[in-house]
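Each value in this text was obtained by applying a stated rule to the coordinates, not by laboratory testing. What you see is a predicted model, and the numbers here were worked out from it, not measured in a lab.
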């Protein structure tokens, strides 16, 4: 089982992505002088029966993608889909 290595790799990948966002590197489709988005990121992943995420320390489950999108608008969060 390589779970420890996989978590380390995932953690490093997120650290690199967060560093790029904080350093002012403009992602595709955004201008370099665009204001940063203050909304919180929420990672959503696919499960056998729908979708799930952790929000403020609590698991949130959804049946369909539309439910995820509606919830994200209500909570005013940015979604990062993982493992779709």
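Computed quantities for the displayed model
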item	result
Per-selection metrics, the range 34-84 (Cα): Rg and Dmax in Å	11.1, 38
Contour minus Cα-Cα distance for residue 73 and residue 45 (0.36 nm per residue)	8.3 nm
